[in-house]
1. Loop only by DSSP, 16 or fewer other Cβ within 10 Å of the Cβ. Give me the trypsin sites (Lys or Arg not before Pro) in the range B:109-157 that pass, ordered by residue number.
2. Roughly how far apart, in whole Å, are the Cα centres of the range A:339-382 and the range A:301-334?
3. Any number yet on Rg/Rh for the range A:437-521, C-alpha, Kirkwood?
4. Count, for each residue of B:334-347, the Cβ atoms from other chains sitting within 10 Å of its Cβ, then give me the mean as a whole number.
5. At a 1.4 Å probe, what is the % contribution of carbon and sulfur to the accessible area of the protein assembly as shown?
6. So, R0 is 35 Å and r is the distance between the beta-carbons of A:T318 and B:L162; what FRET efficiency does that work out to, to 0.05?
7. Take the cross-link list A:K134/A:K501; A:K478/A:K522; A:K359/A:K472 and give me the ones stretching past 18 Å between alpha-carbons.
8. Counting protein heavy atoms only and a 1.4 angstrom probe, how many square angstrom of accessible surface do chains A and B bury in total, to the nearest 100?
Amino acid sequence: MSAVVDKAGPMLEALDERLTLANYVKRNLRKVFPDHWTFMLGEVALYSFIILLLSGIYLSLFFKPSMTEVVYNGSYAPLKGLSMSEAYASTLDISFDIRGGLLLRQIHHWAAMLFVASMSIHVMRVFFTGAFRKPREINWSIGVGLLTMGFVEGFAGYSLPDDLLSGTGLRIAEGIMLSVPVVGTYIQFFVFGGEFPGDIFISRLYGVHILLLPGIILLLITAHLMIVWYQKHTQYPGKGRTNDNVVGYPVLPVYAAKAGGFFFVVFGITVLMAGFVTINPIWAYGPYTPDQITAGSQPDWYMGWLEGALRIMPNWETTAWGHTISWNVFIPGGLVMGLVLTAMAIYPMIEAKVTRGYKDQDHDLLDRPRNAPVRTGLGVMSLTFYILLWIGGGNDIIAKFFDLSINQITWTLRFAIFIVPPLAFVATKRACLGLQRKDRDKLLHGRETGTIIRLPDGEFTEVHAPLSEEEKAVILSKTDHIPLEAPAETDANGVALSKRKLKAARRTAHLSRWFYDDNIPKPTPEELAAAEAHILHGYEEGHLVTEHRDSLEPEGGVLHDPNAEPAEPSK
Amino acid sequence: MSDTDNAIAGETGSSTQVVKPPFVANPDLPPHGARRTDVDPKAAKRAEHQVATCFGLSALATVAFCICYVQIPIDAYLPIPFFGAWSASNLALGLTFGLAAFFIGVGAIQWAKKLMFGGEVTQMRHPLASPPEAREEALEQFWAGADESGFAQRKIVRRSLLMAMSLFPIPLIVILRDLGPLPSDSLYTTLWRPGMRVVLDPTEAPVRPSDIPVGGIVSGMPSVLPAVQEEQGTLNARAKDVVILVRLAPEDIKSQQGGTSSQPWDYQGIMCFSKICTHVGCPIALYEQRTHHLLCPCHQSTFDLADSANVVFGPAARRLPQLPITVDAEGFIVAQTAFDQPVGPSFWERA
Ligand code: HEM
Ligand code: FES
């Protein structure tokens, strides 16, 4: 026993006498966390936030958030003697005159990229597996909040150094503020303390970037994690994994060691990136001045979709009764992001409403994406939308690279943004149903072994093997949803429903059918038992299960034709 | 979404059952297969050494970091083929510090994977909802408290409190008033006045028509701008007043935004336009001489300078405002008048 472990006992005792700790420790120290690589995405987000806090505190020791013009006299020769803001000059100092400063700047920026990236993929994982369902809706909303804050905080961060690129970004932000109907001009004047760029914006942004938003993000992350801890993690279906248990590793020691180790791995990789790969070389852009610009300027990747929206929007503007509305700026700059995030925030409510029995159950076992074809389709549709906008944001780069004209790309995208996402929905939904059909086939016919043998009558067939228990458990985890039905005109007590309620309920039922009507049901227990006996028989005899109907007719079993329309789900 | 709606749609169906009964009991976890390190003491010893080596390497890297920090001058650069000069200090510090962290991580994960007890365990979930009695008790407590407060009965107190509370945030908004001045007419005005010289950016030299060849384009600003900028201590004037001077062969000019034949807005084919994009305000920079198109690098709005700077492509809705020019007594290019409209992005108050 090492001294550290020996001391733990007396220490716990002392603490317990003051804080009643034992009960808490007893309940939590060996809490079980399921393990899967997709569960690390949220962890990466958390770790990169911690890295951001640490590196950010370091940067704030040297950064001067001031727009006062100074003459640069540091050691970066090409900019010597130029007049620039103190913010930019101090960022140059961090990069060239403070040992390790450049490293920390680059750690901070790489961690910011990683923070938003891992959050985005984490959100996708949660969506496609249905992890947002009851009881985890609160955490879904918190997550949407975190993602929003991440965008804004990142934008605020790379606007601070006041270089030519970030200043251009702020100029665009100013234009977007101006485009807000009615109050836009006032928003702009209040935010910038007058006309653009003014002399106070960077110091205002600084407070927002290092105090306000990190504070909010920290609060949200804390709540998020406490809720995860309390509700216990979801898990993927599998042998021994049900809706009522958690299978995984205890926090002490395995999970703690793995997660703690993983923090250092993420930290290490971020630092190595910062050492080897330049990011945001502000010295190459020069100080901000509103009359200059670098061609091909690009924002950080997570702003790319908004940039794309701004680029592909047609130039609509309305002027009437002495006022102007810039649809060409307000829709892509303000509405698109707002609508997308709102849609994300309310999606769980929609699914809750159209799903029978949603409220009566906790959903702790994750869905396989194929088993929720409409949800998966909607997810892929949104991603397609996002990616198309993102492509729009790089239209000049793409044009250059593939030698296309920007006009062609832009016009193609203007149509594609309405046509391609719905197609993606349909294709995804079909693919999901195809996979469901395949799952059903596997249960009824066994797994294809790849071994082809020849029957006495000369026919070739493939040997099918029984599924492993693991495979069976995974496939059988599927829920066969039954759509809600439109209500009768009177309720159970014979009281007529109001017209409005009736209409609403019918609409809900309609939506529910849209969600769940297409479904390839799991086989019935009888079907399954019969099929299994048959598969096993065929497999063991060295004999085979053929795709032939006549050989598949089991005693008392149901004939299953893989190409037939699915039977009505049994109710 | 109200509960009743949901219930209506849900319960009038033929059945409230959703999920098929789990007709095949989910079997137990597979038995935990022994790892090599569980059965072979030699393998365990090897793993132990591996882990310790990782931690040792981390310690070494930390020491190396300190040495590099002190020893490597900050202005030393390594010429790396194809990548240019790299800061030696940044490279060394990143490498050592990164490895110091990375090896702790790898060591810990190896330890967990190879040496700690390796089996998955099962824990039951507990229902999140409290038992009904607890809920009832909680509600009772709440009602008791609410009752004692008299919130429900004392209408006047309740309403006046609500009024006070709803007014209370107002100061928090009012106090933001001095964040900035009101816009007044500042978005409509620029420094341009009749007779003001156009000077070059950045040399600040006045321009003669002969300085600009046909097909040429230069950036300019009002001659007072540097002084104003100095005095204001901001870049505000620069963000609004910068212009471009472009010279076309007079026969190539299809139209201009104003002027008469006796007093055209151009001067011998030299025209002056605002440099601030009417989309969201980037400075416009890319000129294609052959087509007379001016392209904004931000979102590719394209303006046809030969045709009143009208928008021919992209998201900008308005043409670039034209500044009428002529020459003064000394032969330098000057503004005839101020801009006849606001420059830069559109805004609500703009007619
Ligand atoms: C989620 C959290 C955060 C994100 C996404 C983020 C993002 C960024 C980004 C992208 C930059 C530009 C870096 C560059 O290339 O120069 C930046 C700069 C900066 N950040 Fe953060 N940051 C976060 C949190 C913080 C915190 C907590 C602090 C301080 C306590 C901080 C302090 C700073 C400072 C002082 C700068 C300017 C220095 C410079 O640019 O060199 N940041 N931030
Ligand atoms: S700012 Fe010029 S196109 Fe957007």
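The values are calculated or read from the model by the stated rules, or taken from the named source; none is laboratory data. Small disclaimer: the values here were computed from a predicted structure and weren't measured. As a convention, Cβ positions derive from the backbone with ideal geometry for all residues, glycine included, and neighbour counts pool all protein chains shown. These accessible areas exclude ligands, DNA and RNA; they are computed on the full protein's heavy atoms, side chains included. Shrake-Rupley method; radii C 1.70, N 1.55, O 1.52, S 1.80 Å.
1. Working: sites: B:K113, B:K114, B:R125, B:R135, B:R154, B:K155; in loops: B:R125, B:R154.
The qualifying sites are B:R125, B:R154.
2. If you average the Cα positions of each part, the centres end up 31 Å apart.
3. Values: Rg = 22.8 Å, Rh = 17.0 Å.
On the Cα set of the range A:437-521, Rg over Rh gives 1.34.
4. On the way: counts 0, 0, 0, 0, 0, 0, 0, 0, 0, 0, 6, 13, 12, 13.
For this peptide, the per-residue mean of nearby foreign Cβ atoms is 3.
5. Values: 29350 of 45530 Å².
Within the protein assembly as shown, the accessible surface is 64 percent carbon and sulfur.
6. On the way: r = 40 Å, r/R0 = 1.15.
Plugging the Cβ-Cβ distance into 1/(1 + (r/R0)^6) gives 0.30.
7. Numbers: A:K134/A:K501 25 Å; A:K478/A:K522 8 Å; A:K359/A:K472 27 Å.
Going by Cα-Cα distance, A:K134/A:K501; A:K359/A:K472 fall outside the 18 Å limit.
8. Numbers: alone 31240 and 24360 Å², together 45530 Å².
Heavy-atom accessible area buried at this interface is about 10100 Å².
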